[in-house]
There are 2 protein chains.
Amino acid sequence: MINSRLAVSVHILALIATHPDQALSSDYIAGSVNTNPVVIRRLIGSLRQAGLLSTVAGKSGATLTKDPQDITLLMIYRAVEPKETLFSMHEQPNPACPVGRDIQSTLNQSFTRAQQALEAELGSETLADILHRLVPAR
Amino acid sequence: MINSRLAVSVHILALIATHPDQALSSDYIAGSVNTNPVVIRRLIGSLRQAGLLSTVAGKSGATLTKDPQDITLLMIYRAVEPKETLFSMHEQPNPACPVGRDIQSTLNQSFTRAQQALEAELGSETLADILHRLVPAR
DNA sequence: TTACATGTAATTATTTTAGTTACAGAATTT
DNA sequence: AAATTCTGTAACTAAAATAATTACATGTAA
């Protein structure tokens, strides 16, 4: 199961996008997400590093640096997910066994394709789509 | 990151498929995978429950109950992955916040689509495909 | 300067995953 | 039939990943 960082990050970005004129503090956001403010600050740090938003140290509030329709779920996912590969594999299968010798490269092809399918889907949806579904009256 | 149970399970099934006339013990398979035999027996238990292979208690060896071209990676994945949803979400977002109130159902739609894309890809590849790539001379 | 924020390191707690021990019971061997 | 070897499974331990928390240096602003 994939961690909840994408979910929380979308939540954060949706809050920022729907409150363009308010400076939301990490405490406030944490209250909506229902977690610790530090968790929020860390994710915001990753989102900033990825160029999705900007902040001023010591000052509450964050600003999106792109239009919601230009921020895909894939960008968000990549911003907060350090691992490149989606599927784990067992380490050091027995090289003396014909199956063990080649299983990793073989699986790697399948896993890469599956991951690409997932990422293509995430890449086709934007924060704007989320906002539209979140707030129908818009 | 997704656990390595699919990887190990494909390894197990590939071993069984490539040794149709040999009764492979969990000890032998564990030697090729490089893990503990109990890990293998547990996965084989799940694969049996899913109807992908059959075994006889106390007797070494397992037999595939379907042709490799009729066993998809999705079947294997579902056999050994108890969780239905791929992405986790944060629990109990604040219902007093308009974003918190609707974020789960909104994300659920996106996550479901992404998961379906992944599963469609896993469903399009079979154990036979794996075997062909594993043992080119076949 | 006081109050309140962020950014981040360090620590702790929780959950998930994998590995191990232990053993009852089935199958096989001698 | 006794000894051996294996599976199936529960129980436990270890390791890794994830999330939560504490602590505090530093920036902002009234």
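Could you tell me which residue of the stretch B:88-103 is nearest to B:Tyr77 (Cα to Cα), considering only residues that are facing another protein chain (nearest Cβ under 8 Å) and either in contact with an Asp or Glu (Cβ under 6 Å, 6 or more places away or on another chain) or outside any loop (DSSP other than H, G, I, E, B) (or both)? Here the answer is B:Ile103.
Do any residues in the stretch A:122-135 that are within 9 Å of chain B (Cβ to nearest Cβ) and closer than 17 Å to B:Gln115 by Cβ have Cβ atoms under 8 Å from those of residues that are surrounded by 16 or more Cβ atoms within 10 Å (Cβ to Cβ) and among the hydrophobic types (A, V, I, L, M, F, W, C), where the two are at least six apart or on different chains, and which pairs are they? From residues that are within 9 Å of chain B (Cβ to nearest Cβ) and closer than 17 Å to B:Gln115 by Cβ, the pairs are A:Leu122/A:Leu73; A:Leu122/A:Leu74; A:Leu122/B:Ala114; A:Glu125/A:Leu73; A:Ile130/A:Val10; A:Ile130/A:Ala14; A:Ile130/A:Leu73; A:Ile130/B:Leu107. When you check A:Ala7 against the structure, is it buried (at least 16 other Cβ atoms within 10 Å of the Cβ), away from DNA strand D (no atom under 14 Å from the Cβ) and not in a loop (DSSP other than H, G, I, E, B), yes or no? Answer is no for this residue.
Selection of the stretch B:16-30 for residues being more than 8 Å from DNA strand D (Cβ to nearest atom) and closer than 20 Å to B:Asn3 by Cα yields only B:Ala30.
Might you check whether a residue that is surrounded by 15 or more Cβ atoms within 10 Å (Cβ to Cβ) and assigned to a helix (DSSP H, G or I) occurs anywhere in the stretch A:57-65? No, the stretch A:57-65 contains no residue that is surrounded by 15 or more Cβ atoms within 10 Å (Cβ to Cβ) and assigned to a helix (DSSP H, G or I).
Residues in the stretch A:73-84 that are more than 7 Å from chain B (Cβ to nearest Cβ) and either of a type outside the set (Asp, Glu) or in contact (Cβ under 8 Å) with a residue 12 or more places away in the chain (or both): A:Leu74, A:Met75, A:Ile76, A:Tyr77, A:Arg78, A:Ala79, A:Val80, A:Glu81, A:Pro82. Looking across the stretch A:41-78, just one residue is under 21 Å from B:Asn108 (Cα atoms) and within 13 Å of DNA strand C (Cβ to nearest atom), and that is A:Leu43.
Read the figures in this text as sums done on the coordinates, not as results from a lab. What you see is a predicted model; the values in this text were computed from it and never measured. For neighbour counting, all protein chains shown are included, and Cβ atoms are generated from backbone atoms with ideal geometry for every residue, glycine included.
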